[in-house]
Amino acid sequence: MSTLLRTGPLLLLCAAILGCGSATSAATEDAATGTPHFRFFSPHSFWNEPVPADAAVDPNSANFVSALATEAAGEVAAGNGPFITTSPYGVPIYRVPADQPTVPVELVGHPGERALRAAWHAVPLPAGARPAAGSDGHLVVWQPHSDRLWEFFQLRREGGGWRASWGGAMRNVSADPGVYNRHVWPGSQPWWGASASSLSIAGGLITLEDLEDGEINHALAISLPDVRAGAYASPARRSDGNSPDPLALPEGAHLLLDPRLDLASLHLPWLTRIVAEAAQRYGIFVRDRAADVTFYAQDPTPTGTDPYGGPSGYYRGHSPIELLAHFPWHRLRLLKMRLHG
């Protein structure tokens, strides 16, 4: 039997609350309740550390941000974005116990990737698991007892078995930075991972626990329609960028909402406010390419409920487009980039 990280009002508590394994090191204390608020990866990960007050800003920040704000405004006017994707194209997270039976997941193609095939030889993937709808077919399996995580791209069940087109596996998740490299698993490579940038798809995800607690205590992940071709920025390890535009942000770029901005004065909708607070403290990393400007929130499909929609849901009767229309895109800053070809 498996559970999601949290299923809305059911409060399926994460390992940090239950004290399972070493994943407790990734928890932080909720200031209001004293209850540990779980987050993936090391407390010192780029996902989890607040941006220093003296962080250097890219010398061309204003032009990059202007281009992004113009894109966001155009999407609002057209009614097709910006967006918060939950399902389809979201990320369902399955938290599994120590005794979860394992199954092989076949890596389709990539005959030279023996290490990834070995990592997927015995995955504690529940028989009833459901990948995200849509062509990406994302899914994350997290086992606190072993402090391991597996993630998949285009996961599907075929002929009685599981197959996936790509993905990754991590050991020592609670001490990991949250990006694939040569140290996350025996034989691992920096081009592993279900995202195009090698940033884990568990990183930057707005979880149901974040929304239930009313606080996002980590950086956010975002995808953009125009991603720079031929370059990526640390902490990304690769890119699927396709844009020759010099003002297209590369994958791995780190944006920060101006810390001087008084969010209370903007009277933002509730969800927009907590997204802005996270963007102001931890920032936003460009993770992937998408049709529209897109944040990622946990896919609730396996719970059989929709905690986002309706007047009592997390969106409080609004659409994600309506909520993000109020986001102060023009007050973002691009932090200084370390680019790679």
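Taken together, E49, E75 contain a single residue that is out of contact with any helix residue (DSSP H, G or I) (no Cβ under 8 Å at 6 or more places or on another chain), of a type in the set (D, E) and either assigned to a loop (DSSP other than H, G, I, E, B) or under 25 Å from L199 (Cβ atoms) (or both), which is E49. Among the residues of the range 175-203, those identified as under 14 Å from V141 (Cα atoms) and either over 16 Å from the mean Cα position of the chain (by Cα) or in contact (Cβ under 8 Å) with a residue 60 or more places away in the chain (or both) are S200, I201, A202, G203. As a summary of the residue check, D306 satisfies the conditions (1) in a loop (DSSP other than H, G, I, E, B); (2) buried (at least 18 other Cβ atoms within 10 Å of the Cβ) except for the one numbered (2). The single condition from (1) open to solvent by 10 Å² or more (accessible area, probe 1.4 Å); (2) part of a strand (DSSP E or B) that I222 fails is (1). Just a yes or no: is a residue in the range 243-250 of a type outside the set (A, V, I, L, M) and surrounded by 14 or more Cβ atoms within 10 Å (Cβ to Cβ)? Yes, the range 243-250 has at least one match. Checked against (1) touching an Asp or Glu at 6+ places or on another chain (Cβ under 7 Å); (2) among the aliphatic types (A, V, I, L, M); (3) assigned to a helix (DSSP H, G or I), L323 passes all but condition (1).
A279 satisfies every condition listed in (1) crowded, with 23+ Cβ neighbours inside 10 Å; (2) over 16 Å from H330 (Cα atoms); (3) out of contact with any Pro (no Cβ under 6 Å at 6 or more places or on another chain); (4) among the small types (G, A, S) except (2).
Residues checked against (1) at pLDDT 95 or above; (2) open to solvent by less than 70 Å² (accessible area, probe 1.4 Å):
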| position | (1), (2) |
| --- | --- |
| A32 | no, no |
| T35 | no, yes |
| S45 | yes, yes |
| A53 | no, no |
| N60 | yes, yes |
| F64 | yes, yes |
| A72 | yes, yes |
| E75 | yes, yes |
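The values are calculated or read from the model by the stated rules, or taken from the named source; none is laboratory data. Predicted model only: the values in this text are computed from it and were never measured. Ideal geometry is used to build each Cβ from the backbone, glycine not excepted, and the neighbour counts take in all protein chains shown. Heavy atoms of the whole protein, side chains included, go into the accessibility calculation; ligands, DNA and RNA do not. Shrake-Rupley method; radii C 1.70, N 1.55, O 1.52, S 1.80 Å.
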